[in-house]
1. Let's test the formula: R0 of 25 Å, r as the Cβ-Cβ distance of THR2 and ASN34. What FRET efficiency results, to the nearest 0.05?
2. Could you give me the ³J(HN,Hα) list for the range 19-35, computed from phi with Karplus coefficients 6.51, -1.76, 1.60 and θ = phi - 60°, whole Hz, x at Gly and Pro?
3. For LYS253, go through the lysines and keep the ones whose alpha-carbon is under 17 Å away, minus same-chain ones fewer than eight residues off.
4. Which whole-angstrom value gives the distance between the alpha carbon centres of the range 1-17 and the range 255-290?
5. Using amide H atoms built in the peptide plane, which far-off residues or other-chain residues are under 5 Å from VAL185 H to H?
6. Please list 3J(HN,Hα) in residue order for the range 213-222, calculated via the Karplus relation 6.51 cos²θ - 1.76 cosθ + 1.60 where θ = phi - 60°; whole Hz, with x for glycine and proline.
7. Quick one: with all protein chains in place, what share of the accessible area of the range 147-291 is carbon or sulfur, to the nearest percent (1.4 Å probe)?
8. State log₁₀ I(q)/I(0) for the range 146-291 at q = 0.12, 0.19 Å⁻¹ as given by the Debye formula over alpha-carbon point scatterers of equal weight, solvent excluded.
Amino acid sequence: MTTRIKLRRDTAANWGTPGPVLALGEAGYDTTNNTLRIGDGIEPWANLVSVTGSIGATGYTGSAGAGASGSVGPTGDVGPTGDVGPTGDTGPTGATGDTGPTGPTGDVGPTGSTGPTGDVGPTGDIGPTGPSGANGNYGGDGIYGGDGQPGATGDKGPTGDIGPTGATGDVGPTGATGPVAGVRVVSGTSASAVTLDFASDGIVLLIDPVTAGGAHTADISFANFTTGKRCTVIVSSTDANAILVTLGVDRDKSVAGGTSVLVGSQTSEFLEYVCVGSASQDDVYLSANKP
């Protein structure tokens, strides 16, 4: 008797997620995806890895036995029909065939006979146009009445008594002192390096010059050299620090006897420059130095 072994099997949908736990070594077949999974007695179906691998080479065929062939066993029962696989995608529509040739035009049938035309009736006579009536006369415009005279202005009433004077309001705060006309004021770090403009500056007041590093110095340079133009610089120290002023001119062009002066603490220095040319710094002289 022939023995047939069948594996446990079902569709992918019926195996489910997570699915049953197969016993250790128990095989399960997915009829939808044509895959096989072997149970380990622990993990459910969804966590098992499908058994895959390439088909090994066909082994050698053994020699035929010497014995007589046995009788053919009975045909086994037909196994159940497997689930129908999913319908494949519809293939693309084939190309449209060529249009067949146009058939011949059929013969034109005979034209029927034209019936007789009826008689045209006579046209009636046009009646005469009647005469136009005369236009009526326009009525004349009526006369406008004249404007009435303005009435007389009434007498002016007496002036009322003057009311008492209201109380004087408080005096508002004094506004900030405006800049002195003709004087350019520079202070702090802005005064540490100042360019005198002979075209626009008359008097320049430097108050407590100090560099970003804290040094109390003032460096003077020039621009817009204008022949005959004078510019006065006032360096003022209002704190306890003396100020070293670099004059911006060579020793031989300075009445101070050098290229710099020291302005003592809480004092002022008056420097007067004159421009004798319009070319460069060499045209500038320090003509007065008054502590």
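The values are calculated or read from the model by the stated rules, or taken from the named source; none is laboratory data. What you see is a predicted model; the values in this text were computed from it and never measured. Positions of Cβ are backbone-derived with ideal geometry, glycine not excepted, and every protein chain shown enters the neighbour counts. Quick note on the areas: whole protein, heavy atoms, side chains included, nothing else; ligands and nucleic acids left out. Shrake-Rupley method; radii C 1.70, N 1.55, O 1.52, S 1.80 Å.
1. E between THR2 and ASN34, to the nearest 0.05, is 0.50.
2. After applying 6.51 cos²θ - 1.76 cosθ + 1.60, I find x, x, 9, 7, 5, 4, x, 6, 9, x, 10, 8, 6, 6, 9, 6, 10 Hz.
3. Answer for LYS253, where 17 Å is the Cα cut-off: LYS229, LYS290, listed by chain and number.
4. Here the two parts' Cα centres lie 113 Å apart.
5. Amide H neighbours of VAL185: LEU205.
6. Once θ is set to phi - 60°, the couplings for the range 213-222 become x, x, 6, 8, 9, 9, 9, 10, 9, 9 Hz.
7. Roughly 52 percent, rounded to a whole number.
8. Taking Cα atoms of the range 146-291 as identical point scatterers yields -0.57, -1.11.
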